[in-house]
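What follows is a short report on a single structure.
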């Protein structure tokens, strides 16, 4: 399967078997026969991947549908580094030093995610609330 198959929720598949029977006793060639695979229930039109049937009256040639359950998940990690070189004393933390935060958001599920965003929800400092900036994705 591909990521597109997972995002779509599954795959549909049909197969066609073809065979040629022996010639008739008088040597006349017999035509090849074919059969399209079916999902297994010839009493109804099995639904396709989109949940609808094909609307035809042929209940014997429906594709086999393999559903792939979506499992959307993400993981957020935030780390910080104190840079003590911004203040007046580079040997200890003092006014003017900076804390740099790194946010890592990882798609830990099996479907693509769009519009991924992050915002600060709590800050106990008296300085400026950190504002996340998107740098790159992979």
Self-check item: Computed FRET value (nearest 0.05) for residue 122 with residue 68, which takes r as the C-beta separation and R₀ as 30 Å
Solution: 0.20
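For the chain, what number results from the quotient of the Cα radius of gyration and 2.2 N^0.38 Å?
Taking N as the residue count of the chain, the ratio is 2.15.
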Quiz item: Taking the chain as a Gaussian network, where each spring joins two C-alpha atoms under 10 Å apart, which residue of 50, 94, 58 fluctuates the most?
Solution: 94
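Gain in length, residue 95 to residue 2, computed as 0.36 nm per residue apart minus the alpha-carbon separation, to one decimal in nm?
Values: separation 93, 0.36 × 93 = 33.48 nm, distance 5.25 nm.
So the extension gain works out to 28.2 nm.
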Self-check item: Computed over the range 58-138, Kirkwood Rh from alpha-carbon pairs, angstrom
Solution: 17.0
Exercise. Set the Förster radius R0 to 30 Å, insert the Cβ-Cβ distance between residue 59 and residue 108 as r into 1/(1 + (r/R0)^6), and round the FRET efficiency to 0.05.
Key: 0.15
Exercise. With springs only between Cα atoms under 10 Å apart, run a GNM on the chain and tell me which of 118, 105, 84 wobbles the most.
Key: 84
Self-check item: Helix-derived mean residue ellipticity, 222 nm - over the chain, DSSP H n ≥ 4, -39500 (n - 2.57), to 500
Solution: -1000 deg cm²/dmol
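No value in this document is a laboratory result; all are computed from the given coordinates. Everything quoted here is computed from the prediction, not taken from an experiment. Neighbour counts are summed over all protein chains in view; Cβ atoms, including those assigned to glycine, are modelled from backbone coordinates with ideal geometry.
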